[in-house]
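J.: To start, I am sharing the structure in question, which I have written as structure tokens.
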Amino acid sequence: MVGDRQLSADDARTLASLRDDAAPTSESEVLKWLAREYEVPFNALDDIDPEKQVLGLFPARILLREELLPLRRDNGTVEVATSRLFATQGLDALKSLTGLHLQPVLAPREAILREMKKRLGVGADTIDTLGEEESFQVVDEDGSEDTNLDTAAEDASIIRFVNQVLRDAIDLRASDIHLEPFEDEMRIRYRIDGVLQDVPVPAQIKRFQPAIVSRVKILSHLNIAEKRLPQDGRIKIRLDAAEVDIRVSVIPMLHGEAVVMRLLRQNSALRGMGQMGMDDRELVSFRRVLGLPHGIILVTGPTGSGKTSTLYTALGEINDSVRKIITIEDPIEYQLKGINQIQVSEKSGLTFARGLRAILRHDPDVLLIGEIRDAETATIAVQASLTGHLVFSTLHTNDAPGALTRLVDMGVEPYLVASSLEAVLAQRLVRVLCPHCKQVDVSPTARTLASDLGFPSDTSIYRSVGCRECRNTGYHGRRGIFEWMDTTPEIRRLILKNSSSGEIRDAARRGGMRMLADDGWRLVRLGVTTPEEVLRVTKAQTDGEEKKANNAAEIVATAAG
């Protein structure tokens with residue numbers, strides 16, 4: 001007998017060699033060998049669905065600590081998945097607590113941990129401990145409590161739970177964490193690759209909602225006693241040698257305070273221009289304007305479309321010892337070596353406009369304005385470009401032509417826009433197909449769409465499927481699609497005439513501009529993404545685009561059916 005300890009893979013290989021068997025080479029093979037030798041069932045847990053009633057029989061903290069997963073109950077015997085056949089202390093503890101007969105089933109450790117997280121939820125061991133402790137009373141939501149919420153939020157279990165949520169979100173590459181209160185539940189969601197995904201959490205988490213929110217407030221240096229007004233704060237954490245800056249927004253809702261945390265990874269490596277995924281036309285045009293002595297270059301798109309990352313990449317391309325580059329941002333998302341960066345602070349009165357005026361007295365060559373939000377900032381940016389500075393900034397518009405009319409709407413004179421604006425780049429992020437599970441779409445509609453788009457006859461359109469590697473989403477990671485518009489003489493004349501964005505768009509297309517959807521279809525042809533993703537982030541603006549969009553919508557509907 002090996003004894004009351006975990007049998008390692010090396011131990012199993014040694015035993016196998018002593019018995020003249022083929023030595024196992026992976027954990028699954030080791031466990032299968034052990035299952036044969038000791039006549040214990042083996043289950044890979046690929047299609048398993050543990051019974052909720054069985055899970056509820058055992059304390060979550062013991063299951064998580066000992067890495068045990070109850071599967072099903074049959075005639076008074078409960079099957080329990082484990083990867084450690086000879087570490088019996090966990091099974092013994094469960095037996096003594098419940099009096100049930102337990103049957104071990106060997107399963108890979110990774111599969112057990114995956115299923116436990118899915119079934120029990122993030123922080124289940126912490127919530128389970130809180131449910132048994134009476135170290136504090138959870139605050140009532142009607143505001144009539146006498147509990148010291150500060151003490152509640154500093155409870156070790158609450159601290160541990162919030163830390164678990166933050167670590168889990170960072171490990172899953174989430175950009176945002178949403179804590180949402182409802183009448184009978186507290187929902188947690190992560191935004192991963194631009195799409196919100198539900199996070200499994202223990203059902204009893206609702207009881208601890210006020211203490212969890214208060215813990216986040218304490219970390220963000222916010223007023224935990226203020227529950228009637230919105231508050232904004234920030235948290236800076238270090239995890240595995242990586243720094244993460246977290247922007248926190250707390251807003252009172254009907255059933256409590258909702259929290260959104262945006263995760264900004266400070267140590268993320270910036271890609272070069274060649275790794276941005278631009279097609280040749282857009283890349284050559286972008287590099288050309290980087291060499292201009294003055295003018296404005298705008299990047300447009302909705303929140304979270306990668307505008308700031310694109311501008312940082314551009315600055316990295318021209319960052320050298322002969323240029324002085326100054327940025328004013330809110331927030332500073334990346335720290336760039338050799339570049340002077342200013343953080344906007346509304347509380348202290350350092351706004352974009354005020355900071356921009358001060359920057360111009362620092363003899364810069366290149367300016368980056370985090371966002372043009374108002375007429376004052378827009379006017380100063382235009383004046384800076386006309387006095388010999390190269391200015392980069394972002395603007396919230398749906399497409400590149402819309403940026404020109406937006407500046408005029410802000411109050412900038414059309415002749416100033418026409419003389420200062422050099423180019424506009426609109427962009428979106430589409431999800432990239434998971435390489436492990438993507439499949440060729442063989443439907444007739446996919447073939448029709450490929451024909452309408454002018455793809456070569458041997459081009460395959462892929463569809464998303466979903467697997468363990470991509471959390472059953474069918475996608476992993478994101479990639480940009482771009483719409484580049486140069487301010488040609490024709491477009492400058494249209495600006496002076498106060499022409500509509502539609503007229504400017506038509507002129508830009510005559511000049512060679514490729515729309516966002518067109519660049520999206522390029523990635524569909526390359527097998528990078530799906531028609532569904534292109535439709536999700538773009539819109540049809542011409543009759544031809546609408547036809548393509550309708551065919552793509554049929555593909556999406558067929559896949560959904």
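The values are calculated or read from the model by the stated rules, or taken from the named source; none is laboratory data. None of the values given here were measured: they were computed from a predicted structure. We place every Cβ from the backbone using ideal geometry, glycine too, and count neighbours over all the protein chains shown. Just so you know, the surface numbers come from the protein's heavy atoms only, side chains and all, with ligands and any DNA or RNA stripped out. Shrake-Rupley method; radii C 1.70, N 1.55, O 1.52, S 1.80 Å.
J.: What is the chain's relative contact order, in percent, from Cα pairs under 8 angstrom and six or more apart in sequence?
T.: Relative contact order for the chain comes out at 9 percent.
J.: So what does Arg281 come to for accessible area, using a 1.4 Å probe and Å² rounded to 10?
T.: Around 80 Å² of this residue is reachable by solvent.
J.: What does the highest-first list of 292-299, 480-487, 442-449 look like by mean Cβ count within 10 Å? Working shown, then result.
T.: Numbers: 292-299: 19.9, 480-487: 25.0, 442-449: 17.0.
Peptide ranking by packing, descending: 480-487, 292-299, 442-449.
J.: Relative to the Cα centre, what is the charge dipole magnitude of the chain, using +1 at the beta carbon of each Lys and Arg, -1 at the beta carbon of each Asp and Glu, and rounding to the nearest 20 debye? Mind dumping the intermediate values first?
T.: Working: 71 positive and 83 negative charges, 340 e Å.
Dipole about the Cα centre, nearest 20: 1640 debye.
J.: Under the definition of Cα pairs under 8 Å and six or more residues apart, what whole-number percent is the relative contact order of region 170-216? Let's see the in-between values first.
T.: Values: 56 pairs, mean separation 13.6, N = 47.
Dividing the mean separation by the residue count of region 170-216 yields 29 percent.
J.: I would also like to ask the following. So, with +1 on the Cβ of K and R and -1 on the Cβ of D and E, and no other charges, what is the size of the charge dipole of region 241-347 about its Cα centre, to the nearest 20 debye? Walk me through the numbers on the way to the answer.
T.: Values: 12 positive and 12 negative charges, 47 e Å.
Dipole of region 241-347, to the nearest 20 debye: 220 debye.
J.: Here's a follow-up. Keeping all protein chains in place, calculate the accessible area per residue for the chain (probe 1.4 angstrom), answer in Å². It would help to have the intermediate numbers written out before the result.
T.: Numbers: 26380 Å² over 561 residues.
On a per-residue basis, the chain sits at 47 Å².
J.: Taking the Cα centroid of region 372-428 and of region 258-316, what is the distance between the two, rounded to the nearest whole Å?
T.: 17
J.: Per 20 Å bin, what percent of the C-alpha pairs of the chain does each bin hold, from zero upward?
T.: Computed distribution, short to long bins: 17, 41, 32, 9, 0.
J.: With the cut-off at 1.5 for a/c, could you classify region 260-363 from its C-alpha gyration tensor as rounded, prolate or oblate?
T.: Working: a/c = 1.75, a/b = 1.24, b/c = 1.41.
Oblate shape, in that a/c is at least 1.5 and b/c is the bigger or equal ratio.
J.: Let me ask you something else. Rounding to the nearest 20 debye, state how big the charge dipole of region 374-522 is about its Cα centre with +1 on each Lys and Arg Cβ and -1 on each Asp and Glu Cβ. Spell out each step's value before the answer.
T.: Numbers: 18 positive and 17 negative charges, 134 e Å.
Its charge dipole is roughly 640 debye.
J.: Right, here's the next one. Please report, as a whole percent, how much of the solvent-accessible surface of the chain comes from carbon and sulfur atoms (probe radius 1.4 Å).
T.: Answer for the chain: carbon and sulfur cover 47 percent of the accessible area.
J.: What is the packing order of peptides 398-404, 410-416, taking the mean over residues of other C-beta atoms within 10 Å and listing the highest first? Mind showing how you got there, number by number?
T.: Details: 398-404: 25.3, 410-416: 15.6.
Top of the packing list down: 398-404, 410-416.
J.: Can you pick out the pairs among Lys236/Lys539; Lys206/Lys227; Lys95/Lys118; Lys206/Lys347; Lys236/Lys337; Lys307/Lys347 whose Cα atoms lie more than 28 Å from each other? Working shown, then result.
T.: On the way: Lys236/Lys539 38 Å; Lys206/Lys227 17 Å; Lys95/Lys118 24 Å; Lys206/Lys347 34 Å; Lys236/Lys337 20 Å; Lys307/Lys347 25 Å.
Beyond 28 Å between Cα atoms: Lys236/Lys539; Lys206/Lys347.
J.: Can you show me the helix-derived [θ] at 222 nm for the chain, built from DSSP H runs with n ≥ 4 at -39,500 (n - 2.57) apiece and divided by the number of residues, rounded to the nearest 500.
T.: Working: 22 runs with 219 residues, N = 561.
Mean residue ellipticity at 222 nm (helix-derived): -11500 deg cm²/dmol.
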